[in-house]
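Working notes, beginning with the structure itself.
The values are calculated or read from the model by the stated rules, or taken from the named source; none is laboratory data. As the structure is a computational prediction, the values presented were derived from the model and not from experiment. Counting neighbours? That spans all protein chains shown, and the Cβs are built from the backbone with ideal geometry, glycine included.
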Amino acid sequence: LQNEISALGQLTSSLSTFQTAMQGLTTAQLQARTATSADNTKFTATAVGGAADGTYQIEVVSLAQAQQMASAAFADSTTTTVGSAGDTMTIQVGADTSNAFTVTTGGQTLTQIRDAINNAADNKGVTASILHTDAGYQLVLSSNQTGTANDLTLSFDDSSGTAITDPLSLATTQAAADAVIDVNGQQATRSSNTISDVIQGVTLSLVGTDASGVTTALTVAQDPTGITSAVQGFVDAYNALHKTLGDLGSKALSGDSTLSLIQSQLFGVINTPATGVSSTYSYLASIGVSIQKDGTMALDSGQLTTALSTDPNGVARLFTDSTQGFATRLGDLAQQLATPNGIVDGETQGLNNQISFLQTQIDNQQVRLTAEQQSLRRQFSALDALLGTMQTTSNFLTQQLAALPGS
């Protein structure tokens, strides 16, 4: 019985894994798209399901960049100090004054100022470093984010809070700039070189600029390989559950009616058409997914490719429609089977009840055997005592007989 319970636990686990796989099959996976740039030195691109197929002409006008500033050159970075004791520098990122923080610069070396900036708890996005050139040592400030919205504003004060001239003589070496692209004649400006909100479902990663008026083609198209992989995952998940049912049926759960019921219900879902999801397809077999003689599922990728070219959205709905989709219905069935109070749990509880009943019978029998053992021990002790008395009497009689005359 324990082996059967263990096997039912394995079955529940397999059903849960199957359920997860069915629920994890998304419309986006079944509408996978590729995005191809004609020139990866200008931009690369990726697309997700839902991106509209087509060709876009894109001109990368300018790239986004982060502001950088460098100080005057100093003889060293570890001994020469800057300004007067108590001097401070306030760095603000962008226009929001809440993105400002202050560090002490007066009487500090470049190394100390660098560390103070990088370690400031309220640093809002600035990295400081030291550049060693032929001219000497320079403190370099870099905004961590590209775009004009993340430019740097500096102010300096003495110990009394009075504004002073910058003792570091920091100057901009690279201005903050936004990315500007032209898509089919329409301009879009963004703060980052990664742009995902201009063409629906497409993410552009800008790399280089085009010559003025020159465009680079972006092609968005169906990704048959990605979609086939998603459908193959559906097939593999079904076959994994089918194998578990077969393995358990030939071993620990041989002859168990629950396995037959589960297999029957799975076949029932697969053989019930998905109505209203596609004008062309309503069965898995019609797109190349079929049940073989041994009960396993197989995919004809050629037939699937044909179906995708005929009705790609219908193919996706055939799996993921919220009520009729095969992945939806199979996932719901697996959940019902594996849920507490489901048929697998019910059989497990029945076996546990049998074990409890048998254990009670064993315990009761053990009590009876213990009582019988104790009774026999008492009888044995009484008999042993009686034998001892009889032996004493025998010895006495033997002595008396030996003492008689003529003995």
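Give just the number: which of (1) at pLDDT 90 or above; (2) loosely packed, with under 10 Cβ neighbours inside 10 Å does residue 403 not satisfy?
Evaluating residue 403 over (1) at pLDDT 90 or above; (2) loosely packed, with under 10 Cβ neighbours inside 10 Å leaves (1) as the failure.
This table checks each residue for (1) of a type in the set (Val, Ile, Thr); (2) buried (at least 16 other Cβ atoms within 10 Å of the Cβ); (3) in a strand (DSSP E or B).
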{"residue": "16", "(1), (2), (3)": "no, no, no"}
{"residue": "21", "(1), (2), (3)": "no, yes, no"}
{"residue": "29", "(1), (2), (3)": "no, yes, no"}
{"residue": "36", "(1), (2), (3)": "yes, no, yes"}
{"residue": "44", "(1), (2), (3)": "yes, yes, yes"}
{"residue": "55", "(1), (2), (3)": "yes, no, yes"}
{"residue": "59", "(1), (2), (3)": "no, yes, yes"}
{"residue": "79", "(1), (2), (3)": "yes, no, no"}
{"residue": "86", "(1), (2), (3)": "no, no, no"}
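Scan region 80-91 and give yes if some residue there is under 42 Å from the mean Cα position of the chain (by Cα) and outside the structural domain of residue 313 (by TED's automatic domain parsing), otherwise no.
yes
What about residue 183, is it touching a Leu at 6+ places or on another chain (Cβ under 9 Å), of a type in the set (A, V, I, L, M) and not assigned by TED's automatic domain parsing to the domain that holds residue 55?
No.
Between residues in region 264-289 that are under 19 Å from residue 246 (Cβ atoms) and residues that are aromatic (Phe, Trp, Tyr), which pairs lie under 8 Å by C-beta distance while being six or more apart or on different chains?
Correct list of pairs: 266/238; 269/326; 270/326.
Name the pairs whose Cβ atoms lie under 9 Å apart, with the first residue in region 151-165 and in the same structural domain as residue 90 (by TED's automatic domain parsing), the second in a strand (DSSP E or B) and surrounded by fewer than 10 Cβ atoms within 10 Å (Cβ to Cβ), and 6 or more positions between them or separate chains?
What qualifies is 155/163; 156/163; 157/163.
Looking at region 150-168, which of the residues that are more than 49 Å from the chain's Cα centre (by Cα) and among the hydroxyl-bearing types (Ser, Thr, Tyr) is surrounded by the most Cβ atoms within 10 Å (Cβ to Cβ)?
The selected residue is 159.
In region 139-149, is there at least one residue being in contact with a helix residue (DSSP H, G or I) (Cβ under 6 Å, 6 or more places away or on another chain), touching a residue at least 60 places away in the same chain (Cβ under 8 Å) and buried (at least 18 other Cβ atoms within 10 Å of the Cβ)?
There is at least one residue in region 139-149 that is in contact with a helix residue (DSSP H, G or I) (Cβ under 6 Å, 6 or more places away or on another chain), touching a residue at least 60 places away in the same chain (Cβ under 8 Å) and buried (at least 18 other Cβ atoms within 10 Å of the Cβ).
Give 243, 293 a once-over and let me know the one that is among the basic types (Lys, Arg) and more than 27 Å from the chain's Cα centre (by Cα).
293
Which number in (1) assigned by TED's automatic domain parsing to the domain that holds residue 45; (2) touching a residue at least 24 places away in the same chain (Cβ under 8 Å) marks the one condition that residue 108 misses?
(1)
Filter region 201-220 down to the residues that are buried (at least 19 other Cβ atoms within 10 Å of the Cβ) and out of contact with any Lys or Arg (no Cβ under 7 Å at 6 or more places or on another chain), then identify the one that is nearest to residue 41 (Cα to Cα).
Residue satisfying both the conditions and the ranking: 206.
Of all residues in region 186-198 being of a type in the set (Ser, Thr, Tyr) and part of a loop (DSSP other than H, G, I, E, B), which is farthest from residue 70 (Cα to Cα)?
This residue is 196.
Restricting to region 67-81, what's the tally of residues that are hydrophobic (A, V, I, L, M, F, W, C) and either without any contact (Cβ under 8 Å) to a residue 40 or more places away in the chain or touching a helix residue (DSSP H, G or I) at 6+ places or on another chain (Cβ under 7 Å) (or both)?
Going through region 67-81 one residue at a time, the tally reaches 1.
For region 302-316, enumerate the residues that are touching a Phe, Trp or Tyr at 6+ places or on another chain (Cβ under 9 Å) and either touching a residue at least 60 places away in the same chain (Cβ under 8 Å) or of a type in the set (Gly, Ala, Ser) (or both).
Scanning region 302-316 gives 307, 314, 315.
Would you check if there is a residue in region 173-187 being in contact with a Phe, Trp or Tyr (Cβ under 8 Å, 6 or more places away or on another chain), closer than 19 Å to residue 49 by Cα and polar (S, T, N, Q)?
No, region 173-187 contains no residue that is in contact with a Phe, Trp or Tyr (Cβ under 8 Å, 6 or more places away or on another chain), closer than 19 Å to residue 49 by Cα and polar (S, T, N, Q).
For region 246-298, which residues satisfy the criterion of being of a type in the set (Val, Ile, Thr) and closer than 21 Å to residue 332 by Cα?
Within region 246-298, 258, 262, 269, 270, 272, 275, 277, 289, 291, 296 qualify.
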